[in-house]
Amino acid sequence: MVWIRVTCWCVGLACLYVAIFHTPHNVALMAPLYFLGVFLPGSGESYIQRRRRKGWYAQFSSPEAMRSIVKDEAELRRVRDEKGVLVAARRFRREFPLCPLPEALKMVQAL
């Protein structure tokens, strides 16, 4: 899947190169070139990040299997009860940054 990321970066940089150094006099052509030069690398990076998180979450067959990786459930319960679910989910994500936020929230609420 690295080829998607590399392709997006190459096409985006090529669009910026043409827009900056060859300076087409047609404004209708320059606007899409700048847009593609900024949009394509960002979309490639977000695609790779989504795939990485999805792959991390796929290693767990059930919520109970994901719950087994939590080392300090009592601490997360205490933080959830004192400061709220969102703060506890943030603390959980500090330990496991690839866990998607909705899943971290479900995990903390289930404790």
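The values are calculated or read from the model by the stated rules, or taken from the named source; none is laboratory data. Nothing here was measured: the structure is a model prediction, and the numbers come from that model. As a convention, Cβ positions derive from the backbone with ideal geometry for all residues, glycine included, and neighbour counts pool all protein chains shown. All accessible areas refer to the heavy atoms of the entire protein, side chains included, with ligands and DNA or RNA removed. Shrake-Rupley method; radii C 1.70, N 1.55, O 1.52, S 1.80 Å.
Given (i) 2, 14, 26, 28, 20, 8, 2, 0; (ii) 2, 12, 17, 17, 15, 11, 9, 7, 5, 3, 2, 1, 0, 0; (iii) 2, 11, 16, 13, 10, 9, 8, 8, 8, 7, 4, 2, 1, which label gives P(r) over Cα pairs in 5 Å bins from 0, in percent as computed from the coordinates? Only one option fits the structure, namely (iii). Surface composition of the chain: carbon plus sulfur atoms hold 65% of the accessible area, using a 1.4 angstrom probe and ignoring ligands, DNA and RNA. Once you have a ≥ b ≥ c as the square roots of the Cα gyration tensor eigenvalues for region 6-70, tell me rounded if a/c is under 1.5, and otherwise prolate or oblate according to whether a/b is larger than b/c. In terms of gyration-tensor shape, prolate. Assuming charge only on the beta carbon of Lys and Arg (+1) and of Asp and Glu (-1), the dipole of the chain about its Cα centre is about 180 debye to the nearest 20.
Would you work out which of LEU86, GLN109, LEU98 lies farthest towards the positive end of the dipole of the chain? Charges go on Cβ: Lys and Arg +1, Asp and Glu -1. Value: GLN109.
Cut-off under 28 Å on the C-alpha distance; same-chain residues fewer than 8 positions from LYS54 excluded. Which lysines are left, in chain and number order? Excluding near neighbours in sequence, the set is LYS71, LYS106.
Model label points for LYS54 and SER68, set 7 angstrom from Cα along the Cα-to-Cβ axis, are 2.5 nm apart.
Counting only complete DSSP H runs, which helices of the chain cover 18 Å or more along their long axis at the Cα atoms and score a mean Kyte-Doolittle of 1.0 or above? Answer set is 2-21. When the charge dipole of the chain is built from unit charges on Cβ atoms (+1 for Lys and Arg, -1 for Asp and Glu) and taken about the Cα centre, the candidate among LEU29, LEU76, SER46 whose Cα reaches farthest toward its positive end is LEU76.
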